[in-house]
Amino acid sequence: NTENYYCCNDIENDPDMLFWRNEALKHNYRSVISLPIKVDDELVSVYTLYMSEPFFFNATEVRLLEEVTENIAYVLDKIRIRGLQKQAEIELQRSEEKFRSLIEQSLVGVYILQENTFVYVNPGFEKLTGYTRDELLSDVKFESLVHPDDRPMVLSNYTNRLEGNAPVDQYSFKGIRKDGSIVIVEVYVSRIIYNNQQSAIGTVVDITDKIEEELRLGQAVIDAQEKERVQIGMELHDNVQQLMSASLINLGFVRKYFHADNKKALDNLENVRKHLFEAHAELRRLSHQLAPSMDEHETSLRDKIEYLINTLDKTKQLEVVIDIDDQGQEISTVAQLSIYRMLQEQMNNITKYAAANRVIIRVTIHERRWIRLIIKDDGQGFDTTTKREGIGLENIKRRAQLLGGEARVISSPGNGCEINALIHNG
């Protein structure tokens, strides 16, 4: 909506900020406001301000920011009108003073470029680059902060923007700090008039940790897949292959004693039948674990969950309570598969690490479109603030996010663990 501002005073708990919440909290952003800057009913820029305090933008602050953007738009409009140049400069100066006072407090880096030279930087940009304001405004060229690999792309974007080919741009690149270290940044750049000259204003966010985390998770997923393949190979070798080998041996005995000793031959045939039956059951277990049937018309979700529990808890040491309240509504194939995989991940965690006696699995439908999955155990629990080596819980969160929802992990030492996931029934 380009007509009004957008404000979120509680990023941590606002459902509208779901997809941006984790990244925002990582940078200690608690409140955000975005205001359009329009000239002659044309959106020319958007001003976004992040603050580290929740509920920062009260009515007074919002009105002040509206005045700032209105003044900027007013000044930009006045510049186009002959005979009002001096008044426009006065209004621009006033707007710049208000703008500068707010930008100086921003947690993200902000800069203004003219002809590849910095004419303004805020403290956030100083901290990000490692240079002082005086160094940036006098000695440092913008291109020197860009890694040679990305320099052609960045300079091309800068030139196109000033020529009017790209009024607003967003991209990421590798930057070089004063100490020579590499940082990956994401920039949001717009074209403005500053001191009567065409300029580019940009905000810069350090996303190095985000990129490294994505790479780490990607590698972890690959490692997990390889581990799963090795495990399946071992199970096939240790179980199915041994059963098949035993069957072949018994068939050899049958061939040897078929005429000499019919009873011994029949006994061996019975052994072959048992081995093949066990092999069939083992193959069925493995195939169901890898690719369970999710046809909502074939078996019920309860049947699928019960089969999974019986497969994972062979010793029957866990008391498992399953409560499914679908209110007579169908749960989609996609949602069923996500529920199955999230439950599979957590049940593996419970059987391996939780030392639990009881597990409650609850599935409920809310307003037709949303499904709540709760998996709660009475095990030993853990500290959720401590970094963990496995990726099972992260996989659960990622599956929920892929279906437009979220998953929370509630646990503490000695108090069991609860997975509370909300997913879209799409």
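The values are calculated or read from the model by the stated rules, or taken from the named source; none is laboratory data. As the structure is a computational prediction, the values presented were derived from the model and not from experiment. Cβ placement follows ideal geometry from the backbone for every residue including glycine, while neighbour counts extend to all protein chains displayed. Ligands, DNA and RNA are excluded from the accessible area calculation, which covers all protein heavy atoms including side chains. Shrake-Rupley method; radii C 1.70, N 1.55, O 1.52, S 1.80 Å.
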Report summary line: Expected field for residue 308, accessible surface area in Å² at 1.4 Å probe radius, rounded to 10, holds 0
Report summary line: A student applying the Cα gyration tensor rule (rounded when a/c is under 1.5; otherwise prolate if a/b is larger than b/c, oblate if not) would label segment 354-426 oblate
Requested in this report: Only loop residues by DSSP count here, and only those with at most 13 other Cβ atoms within 10 Å; note down the GluC sites (Glu not before Pro) in segment 97-206 that meet that.
Outcome: 104, 115, 163
**Report entry** Probe 1.4 Å - accessible area at residue 5, Å² to nearest ten
**Finding:** 90
Requested in this report: Heads up, I need the accessible area for residue 372: 1.4 angstrom probe, whole protein in place, Å², nearest 10.
Outcome: 70
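For the full complex of protein chains and a 1.4 angstrom probe, list 125, 382 by accessible area with the highest value first.
382, 125
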Query raised in the report: Ordered by packing density, taken as the mean number of other Cβ atoms within 10 Å over each peptide's residues, highest first, how do 412-419, 43-50 rank?
Result: 43-50, 412-419
Query - Solvent-accessible surface ranking, highest first, for 153, 17 at 1.4 angstrom - result: 153, 17
Requested in this report: Return the carbon/sulfur percentage of the accessible area of segment 345-410, one whole number, probe 1.4 Å, all protein chains in place.
Outcome: 45
